[in-house]
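Working notes, structure below.
Every number in this text was worked out from the coordinates using simple rules, so none of it is lab data. This one's a predicted model, so the numbers in the text were calculated from it and none came from an experiment. Cβ placement follows ideal geometry from the backbone for every residue including glycine, while neighbour counts extend to all protein chains displayed.
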Amino acid sequence: MKICIFGAGAIGGYVGAKLAQAGADVSLVARGPHLVAMREKGLTLIEADKDPTTVRVRASDDPGELGPQDYVIVTLKAHSVPGVVPAMQPLIGPATTVVSGVNGVPWWYFHRIGGPLEGTRLESVDPGNVQWEGIGPDRVLGCVVYPAAEVSEPGIVRHIEGNRFSLGEPDGSKSDRAVALSNALAAAGLKAPVRPRLRDEIWVKLWGNLSFNPISALTHATLDVLCTDPGTRAVARQMMVEAQEIAEKLGVKFPIDVDRRIDGGAAVGAHRTSMLQDLEGGRPMEIDALVGSVRELGRITSTPTPAIDMVFALIALRGSVAGLYS
C-alpha cells in the first residue's frame with residue numbers, strides 16, 4: 001500500500017511520521033525549509049512522554065517524482081487545495097483514493113447524499129469546480145481530523161494532543177478501501193474509525209470552527225476567554241444556532257447541544273485558534289471554508305444567517321486589510 005501525504009506540515013507530518021515508524025510505504029509532498037530539513041536530516045516527531053524519534057521518508061515538492069499512489073491524504077488548508085489539483089495528477093492512478101482531511105465543509109459534501117441536493121457544487125470551497133472535476137468525487141474518502149500539532153522548526157513536528165482521524169464514505173458504506181486505510185492508520189498507533197454518518201462529525205467540529213475561529217481572529221482572545229465572556233459567547237452561540245438549523249435541514253443529527261459544545265471549547269483553555277495563528281503569522285486564513293461555506297449552505301437551504309453574515313463581513317474585511325484574504 002502506497003500512501004502519499006500531500007501537505008506535510010504539522011498534521012501531515014504527524015501522520016507521515018507515525019506511518020513511517022510503522023513501516024508503511026509513505027511519501028510526503030512538502031515545500032520550503034521544512035522540505036529541505038526533512039531531506040537532509042529526516043522528519044523528527046516529538047510526542048509527550050516519549051523520546052523524539054527521527055524517520056527517513058521520501059519527501060519532494062514534485063509529485064511527479066512519486067508516481068501513482070493507493071491513497072493520497074490531503075492535509076492542506078482548504079483554500080490551498082484548488083490551486084494544487086493540477087500538481088496532484090501524477091499521484092492519481094485508476095484506483096487511487098483521495099482522502100480529504102481538510103477543515104470546514106468539504107467540496108464533495110453533496111456527493112451521494114441523496115435527495116434533491118444530490119450533486120450540488122459549493123463555489124465557496126471549490127471555485128470553478130476544480131476539485132470536483134480534477135479529482136472526482138468518486139475517489140474521495142472523507143476524514144475528520146482531530147489531532148493538534150505544530151511544526152516547531154523545519155523538519156520537526158511536535159504533537160500536542162489527539163490521535164483520531166475519523167473516516168467515512170460519502171454514501172455511508174463501510175467500504176474495503178476505508179477499512180484498509182483504517183487498519184493501516186491503526187497499525188501506526190492512530191485511531192481511525194470508519195463512520196457511517198461522517199457528516200455529523202463534520203458539523204460538530206465545524207460548529208466550533210465556524211464561530212470560535214473568526215471571533216478569536218477579530219478579538220485576539222483565546223478560547224477560554226471568548227467562550228466565557230458573555231458578549232462573545234452570545235455571538236458564537238447565535239452563529240451555532242443558525243448553523244444547526246442548516247445542518248438539520250440537511251439531515252444531520254447533533255449528539256450534543258450548543259451550550260455543551262461551547263463549554264467544551266472553554267475547557268480547552270488558553271488556546272489560540274488556527275485562524276488567529278494564521279492572522280498573527282501573516283498566512284492566508286480559512287475564511288471561506290469555515291464561514292463562507294456555511295453562509296452558502298444557508299442560501300441553498302433558504303435559512304437566514306444574520307449572525308454568520310455579520311461575522312463573515314467583519315472577518316473578510318479584517319483578512320482583506322491584512323492582505324490575507326481575497
Length-normalised contact order of the range 215-292, Cα under 8 Å, at least 6 apart, in percent, tallies to 44
Taking only C-alpha positions in the range 209-284, Rg and Dmax in angstrom work out to 12.9, 38
Amide H neighbours of S27 at under 5 Å, excluding residues fewer than 5 places away on the same chain, with H built from the backbone geometry, are I3, C4, I5
With the dipole of the chain defined by +1 on each Lys or Arg Cβ and -1 on each Asp or Glu Cβ, the option from L297, G93, W207 whose Cα lies farthest towards the positive pole is G93
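Given axes a ≥ b ≥ c from the Cα gyration tensor, I'd like to know whether the range 122-219 is rounded (a/c under 1.5), prolate (a/b larger than b/c) or oblate.
Oblate is the answer for the range 122-219, as a/c is 1.5 or above yet b/c matches or exceeds a/b.
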Across 5 Å bins beginning at 0, the whole-percent shares of Cα-Cα pair distances in the range 2-196 come to 1, 8, 17, 21, 21, 16, 9, 4, 2, 0, 0
Checking the range 42-116 for trypsin sites (Lys or Arg not before Pro) in a loop per DSSP with at most 14 other beta-carbon atoms within 10 Å yields K50, R56
Nearest 10, in degrees from 0 to 90: the angle of helix 176-187 to the longest Cα principal axis of the chain is 80
In degrees rounded to 10, the 0-90 angle between helix 10-21 Cα long axis and the longest Cα principal axis of the chain is 30
Loop-resident trypsin sites (Lys or Arg not before Pro) in the range 116-209 with no more than 16 other Cβ atoms inside 10 Å, DSSP not H/G/I/E/B, are K174, R197
GNM of the chain, Cα pairs under 10 angstrom: of G101, G115, G64, the biggest fluctuation goes to G115
The answer for GluC sites (Glu not before Pro) in the range 142-239 that fall in a DSSP coil and have at most 11 neighbouring Cβ atoms within 10 Å is none
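Take Y14, Y146 and order them by how many other Cβ atoms sit within 10 Å, fewest up front.
So the ranking, lowest neighbour count to highest, is Y146, Y14.
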With +1 on the Cβ of every Lys and Arg and -1 on the Cβ of every Asp and Glu, the dipole magnitude of the range 2-196 about its Cα centre, in debye rounded to the nearest 20, is 280
Using alpha-carbon positions, the gyration tensor of the range 242-326 gives root eigenvalues a ≥ b ≥ c; with a/c under 1.5 called rounded, otherwise prolate if a/b exceeds b/c, else oblate, the class is oblate
For the range 1-59, the dipole about the Cα centre with charges only on Cβ (Lys and Arg +1, Asp and Glu -1), to the nearest 20 debye, works out at 260
Honestly the range 149-298 on the Cα gyration tensor test (a ≥ b ≥ c root eigenvalues; a/c under 1.5 rounded, otherwise a/b vs b/c for prolate or oblate) is just oblate
Measuring from its Cα centre, the chain shows a charge dipole (+1 at each Lys and Arg Cβ, -1 at each Asp and Glu Cβ) which, in debye to the nearest 20, is 340
Of the candidate values [x] 1.24; [y] 1.29; [z] 0.95, the one computed for Rg/Rh (Cα atoms, Kirkwood Rh) from this structure is [z]
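What order do you get for V268, V98 when you list them from fewest to most C-beta neighbours inside 10 Å?
Least crowded to most crowded, the residues run V268, V98.
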